[in-house]
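Read-outs: derived from the displayed coordinates by stated rules, not from any lab. Quick caveat: nothing in here was measured; it's all calculated off a predicted structure. Positions of Cβ are generated from backbone atoms using ideal geometry, with glycine treated the same way; all protein chains shown enter the neighbour counts.
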Amino acid sequence: MSALQLQLHRQQYRYEDLCHQLKSGVCTLQLQAELQEDTASLAAISRMNELLDHMLETAGQQAMDKKMTFSSLSLDTLVLETVTDHPQAACIHVDVQPVRLHGDRFFLRELLLALLDNALAACLPSAVVSVTVQGNETSVQIMVSNPGSMNPEELEAAFTRYVSRTPGHYGIGLAMARELAELHFGTLTGSCSSGQVVMTLSLPVSQLEAGCL
């Protein structure tokens with residue numbers, strides 16, 4: 001029975017992850033519609049948000065398994081493309097070095113979007129979020145930082161599902177991001193110093209790619 005319950009919980013988490021990804025996409029559409037003052041689109045988007053909120057609040061146990069496809073990819077290029085496509089790209093500063101690794105392009109992008117959205121939501125609209133990519137022969141690090149302050153307990157709680165300090169947020173983004181990091185055999189941790197909250201994603205580099213760093 002405990003094994004069955006564990007499987008059902010995992011399915012529910014995947015269902016919630018999918019809903020969260022859809023909600024992030026809808027938020028992007030809403031920002032664009034607001035900039036264009038498109039009232040018709042805003043009305044439709046508002047309805048979509050209501051449906052997604054209902055799906056998250058009544059999360060069932062139907063789910064899509066994560067079908068991950070690992071391939072050799074340029075992480076710095078993926079980061080630059082993700083930031084450039086973000087509706088708040090003007091608020092994001094990027095400092096990257098060329099790095100390669102094996103990973104799933106789609107889910108690494110979702111992971112990065114979750115970190116960016118979390119950082120942008122945690123600070124004032126005029127603040128700048130920084131993204132740094134660096135690597136060596138054994139690992140690659142992506143650091144996303146934003147102005148702010150969190151104690152160790154708050155930092156760890158940020159990775160706990162259903163825990164959020166922001167009204168209207170479900171506390172799923174960072175939890176999903178950490179799970180995706182672990183599926184890539186990496187880690188996602190948080191730290192705070194000198195008025196900056198930093199989320200650090202560390203991913204391993206295969207021996208085949210070590211010579212490309």
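Compute the length gained on full extension between Ser206 and Glu182: take 0.36 nm times their separation in residues and subtract their Cα-Cα distance, giving the result in nm to one decimal.
This chain segment gains 7.1 nm when fully extended.
In sequence order, what are the phi-derived ³J(HN,Hα) couplings for region 179-189 according to the Karplus relation 6.51 cos²θ - 1.76 cosθ + 1.60 with θ = phi - 60°, rounded to whole Hz, with x for glycine and proline?
4, 5, 4, 5, 5, 9, 6, x, 9, 10, 10
Loop-only GluC sites (Glu not before Pro) in region 12-49, please: DSSP not H, G, I, E or B, and at most 12 other Cβ atoms within 10 Å.
Sparse-neighbourhood loop GluC sites (Glu not before Pro): Glu37.
So for the pair Thr77, Leu42, with labels modelled 7 Å out along Cα→Cβ, what separation do we get in nm?
4.0
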